[in-house]
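Below is one structure, written out as structure tokens; comments come after it.
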Amino acid sequence: MIFGEVGKVYAVKWKDVLDSIWHLVDKDENYHNIVYNQDLNQPVIVAGWITLRNFYQLTGNHLVSLHHYVLGSVTFKVYLTEQKVSCSSLDVPSVMHYFLKDKGWTHLHLEDVAECRLVFNHWRKTLKIEAGWKHFYKTLSFTTDMKIVFEFIDPDVNCVLYWSCV
């Protein structure tokens, strides 16, 4: 039987919110549905894996990286340019500026990696993620031409998940 293994850390971390049917979308907006067994001792994808392997022409063993979106969560994508990875701060999209301004937060907690100071320019309506940003991107080895996705699982809690997309 061919199946897709699911990392135990991932399964345990998301055990309270993972449904048995996963709706996947890749960076090119190809959609797939797979079935997850919800077994924390031996978590696997039990249906849809072969279709996924055939679609992406995967043979043998491959590591497939998935990121979990939660309904009701808020996400922002930031494209890293040469300037953004060499500066000590990060300019963010205006929609992220308004979201964070409404929260009244002065710092942003990026999981366990960094706490960054937020600096709002109310006249220009811009936001910079400052103190802590350089440590954050160097620790995670972010590079030019990557996109970072910031996800607020609970929009009322100042804790942000993040991942990169090449």
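Give the relative contact order (percent, whole number) for the stretch 18-166; include only Cα pairs under 8 Å separated by 6+ residues.
Reported as a whole number, the value is 21 percent.
Can you tell me the relative contact order of the stretch 4-55? Whole percent, Cα pairs under 8 Å, sequence separation 6 or more.
Result for the stretch 4-55 is 36 percent.
Restricting to DSSP H runs of at least four residues, report the calculated mean residue ellipticity at 222 nm for the chain, -39500 (n - 2.57) per run over all residues, nearest 500 deg cm²/dmol.
-5500 deg cm²/dmol
Round to the nearest 10 and give me the degree value, 0 to 90, for the angle of helix 94-103's Cα axis relative to the longest principal axis of the chain.
For helix 94-103, the angle is close to 80 degrees.
If I build a Gaussian network model for the chain, linking alpha-carbon pairs within less than 10 angstrom, which residue out of Ser73, Ser88, Ser141 has the largest mean-square fluctuation?
In this elastic network of the chain, the residue with the biggest mean-square fluctuation among Ser73, Ser88, Ser141 is Ser141.
Would you mind checking Lys77/Lys101; Lys103/Lys128; Lys101/Lys134; Lys13/Lys128; Lys15/Lys84; Lys77/Lys134 for any pair whose Cα atoms are more than 24 angstrom apart?
Correct reply: Lys13/Lys128; Lys15/Lys84.
Looking at the chain as a GNM with Cα springs under 10 Å, which of Phe99, Phe55, Phe120 has the largest mean-square fluctuation?
Judging by the Gaussian network model, the answer is Phe55.
Please rank Lys138, Lys103, fewest neighbouring Cβ atoms within 10 Å first, as an exposure proxy. Walk me through the numbers before you get to the answer.
Numbers: Lys138 11, Lys103 15.
Ranked by crowding around the Cβ, least crowded first: Lys138, Lys103.
With the chain treated as a Gaussian network of Cα nodes joined by springs under 10 Å, which of His32, His62, His97 yields the largest mean-square fluctuation?
Of His32, His62, His97, the most mobile in the Gaussian network model is His62.
Readers should treat all values here as calculations from the given coordinates under stated rules, not as data from a laboratory. This is a predicted model, so every value here is computed, not measured. Cβ sites come from the backbone with ideal geometry, for glycine too, and all protein chains shown count toward neighbours.
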